[in-house]
Ligand SMILES: Nc1ncnc2c1ncn2[C@@H]1O[C@H](COP(=O)(O)OP(=O)(O)O)[C@@H](O)[C@H]1O
Ligand SMILES: [Mg+2]
């Protein structure tokens, strides 16, 4: 069974896209066949790892959501800046697609799931980069996913703001997708010397229950990697943040029962 991992938090700027890209990069580099689905109208993941501009791609996730299943092969673009990683691009049209789903689809939150079903066994893992909202696009991601990671901005006193809404939303989606499992919170921009990070860590543990045992530090390399259209490993494999993402990939692979092939 292909594992489908949603990276979700309806707060913007917490590190969803950074997590999606660097996990995908590590999985791909270590021999897995990976698909990234960009569900964010801002299409940051697509701009980072895609070789085309989203406007040049005939079928992005926006078209795919409302389309017949025959469109699926056109949506999967195999050529990206990351080894072993294919991409279903996101685009600005996702905003409109979300409105259309609400009006027209028989099961508005289950369109993505039905579109990804034929890919079961084709990819080892599918990562879904969610938009910064709790509306239908995120519902579609959660209804399609087997697992979800919640990146939390550890360096901000407001890092946990809204997380209880997300957890309630996940519980609601579990009625249509009982297999959905919260792998844990991922503490982003973490610095254990700072009081605020300790505070967020404690409240994430209380509210979300599980915290992934890897903490991602703040690093200017994150923006540099985006500019260079590469992963953190590709930019500077010896940087601390690159090491942490390698460990995260290893940990998540173990949790998802995925076998990484090289170190
Ligand atoms: N660990 C980090 N250190 C420094 N900058 C980061 C880190 N994680 C994310 N960023 C930066 O913060 C911004 C938001 O991150 P992003 O991953 O796009 O969040 P989201 O997808 O949740 O909106 C981006 O400019 C990104 O480069
Ligand atoms: Mg993003």
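If neighbour count is taken as other Cβ atoms inside 10 Å, put 147, 103, 40 in order from fewest to most.
Starting with the residue having the fewest Cβ neighbours, the order is 103, 147, 40.
Let me know the shape class of the range 177-263, please: from the alpha-carbon gyration tensor, a ≥ b ≥ c as square roots of the eigenvalues, rounded when a/c is under 1.5, otherwise prolate if a/b is greater than b/c, or oblate.
Because a/c hits 1.5 or more and a/b fails to exceed b/c, the range 177-263 counts as oblate.
Run the helix sum for the chain: -39,500 (n - 2.57) per DSSP H stretch of 4+ residues, divided by residue count, reported at 222 nm to the nearest 500 deg cm²/dmol. The partial results should precede the final answer.
Numbers: 12 runs with 109 residues, N = 263.
Result for the chain, helices only: -11500 deg cm²/dmol.
So what is the relative contact order for the chain, in percent, with contacts set as C-alpha pairs under 8 Å and at least six apart? Numbers along the way, then the final one.
Values: 534 pairs, mean separation 66.2, N = 263.
This gives 25 percent for the chain.
Can you tell me the FRET efficiency between residue 135 and residue 240 if r is taken as the Cβ-Cβ distance and R0 is 35 Å, rounded to the nearest 0.05?
0.45
Indicate the gyration tensor shape class of the range 96-205 (rounded, prolate or oblate), computed on the Cα atoms with a ≥ b ≥ c the square roots of the eigenvalues: a/c under 1.5 is rounded; otherwise a/b larger than b/c is prolate and the rest oblate.
Prolate.
Assuming 0.36 nm per residue, please report the length gained on full extension of the stretch residue 203 to residue 254 beyond their Cα-Cα distance.
Here the answer is 15.8 nm.
Sorting check: for 125-136, 50-61, 163-174, which peptide has the highest mean count of neighbouring beta carbons within 10 Å, and how do the rest follow?
Details: 125-136: 22.7, 50-61: 17.4, 163-174: 15.6.
Averaged packing, sorted descending, gives the order 125-136, 50-61, 163-174.
From the Cα gyration tensor of the chain, with a ≥ b ≥ c the square roots of its eigenvalues, which class applies: rounded if a/c is under 1.5, or else prolate if a/b is larger than b/c, or else oblate?
oblate
Assuming R0 = 35 Å, can you tell me the calculated FRET efficiency for the pair residue 117 and residue 191, based on Cβ-Cβ distance, to the nearest 0.05? Intermediate results must be reported in sequence, preceding the final value.
Working: r = 42 Å, r/R0 = 1.19.
Efficiency, rounded to the nearest 0.05: 0.25.
Take every DSSP beta bridge whose two residues both sit in the chain, then give the antiparallel share in percent to the nearest 5.
Among the beta bridges of the chain, antiparallel pairing accounts for roughly 5 percent.
Between residue 33 and residue 176, what is the label-to-label distance in nm when each label sits 7 Å out along the Cα-to-Cβ direction?
2.8 nm
Describe numerically, in nm with one decimal, the distance between label points set 7 Å from Cα along Cα→Cβ at residue 227 and at residue 165.
3.4 nm
Based on alpha-carbon atoms only, what is the radius of gyration of the range 1-144 relative to the globular estimate 2.2 N^0.38 Å?
The reported ratio for this selection is 0.93.
Once label points are set 7 Å from the Cα along Cα→Cβ at both residue 1 and residue 67, what is their separation, rounded to one decimal in nm?
It is 2.8 nm.
Throughout, read-outs are computed from the coordinates displayed, never taken from laboratory work. Computed from a predicted model, the values in this text were never measured in an experiment. Cβ: placed from backbone, ideal geometry, glycine included. Neighbour counts: every protein chain shown.
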